[in-house]
Amino acid sequence: MIIYDLGYRHSLGEQLSYLHNPRPFKNPNYTKNVNRRAKNVKNVLSQERERDRLEREKRRQEKLDGDAMDVDAEEDMPSYTSIEAPPSLLPHKHYCDITGLEAPYTDPATGLRYHDKSVYDVIKNLSTSSAKEYLATRGVSSIVK
């Protein structure tokens, strides 16, 4: 029978352990930057609206002066407050009808999109009614062969 005397001998793991070292929550050398001020969302939105208003006035003034040649392209620039943005140039992503992961494959018989071989095995065993239900959840009403 082995008796461990933890009071006098410490194992190497206990000697190298940081468990009993003091860990202060805050850095004692930290000084707060008094010049930095946190802004709430209301302030951010009001500043964004004001900036947009000033830019519109500047463009309007340039149009009146006749200095602006093609300013209409900049008017479509999306901002923090506007949701109008040009359509994406990237292709739409397709997602697996079963798992919700990205789906690079489509089953030719049912039209269901799938992620990998294991999901394809599940799709092969589906009945036509359940395949139609999966397609209906995606918003596709096609005829299953």
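What to note about this one:
- Residue in the range 127-138 that is over 31 Å from the mean Cα position of the chain (by Cα) and assigned to a loop (DSSP other than H, G, I, E, B) present: yes
To keep it simple, each residue is scored yes or no on (1) open to solvent by 100 Å² or more (accessible area, probe 1.4 Å); (2) hydroxyl-bearing (Ser, Thr, Tyr); (3) at pLDDT below 90.
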| residue | (1), (2), (3) |
| --- | --- |
| 62 | no, no, yes |
| 71 | no, no, yes |
| 88 | no, yes, yes |
| 134 | no, yes, no |
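- Residue list for the range 97-126, filter: in contact with a Phe, Trp or Tyr (Cβ under 7 Å, 6 or more places away or on another chain), in a helix (DSSP H, G or I) and crowded, with 18+ Cβ neighbours inside 10 Å: 123
- Among the conditions (1) farther than 16 Å from residue 140 by Cβ; (2) assigned to a loop (DSSP other than H, G, I, E, B); (3) at pLDDT 90 or above, the only one that residue 80 does not satisfy is (3).
- The conditions of being loosely packed, with under 10 Cβ neighbours inside 10 Å and out of contact with any Pro (no Cβ under 7 Å at 6 or more places or on another chain) are met by residue 9.
- Close pairs from the range 116-140: first on the phi < 0 side of the Ramachandran plot, partner among the small types (Gly, Ala, Ser) and outside any loop (DSSP other than H, G, I, E, B), Cβ under 8 Å, at least 6 apart: 123/131
- Against the conditions (1) surrounded by 10 or more Cβ atoms within 10 Å (Cβ to Cβ); (2) aliphatic (A, V, I, L, M); (3) modelled with pLDDT under 85; (4) within 34 Å of the chain's Cα centre (by Cα), residue 34 satisfies every one except (1).
The values are calculated or read from the model by the stated rules, or taken from the named source; none is laboratory data. Keep in mind it's a predicted model, so treat the numbers as computed, not measured. All Cβ positions, even for glycine, are placed from backbone atoms using ideal geometry, and neighbour counts span all protein chains on display. SASA here: full protein model, heavy atoms, side chains in, ligands and nucleic acids out. Shrake-Rupley method; radii C 1.70, N 1.55, O 1.52, S 1.80 Å.
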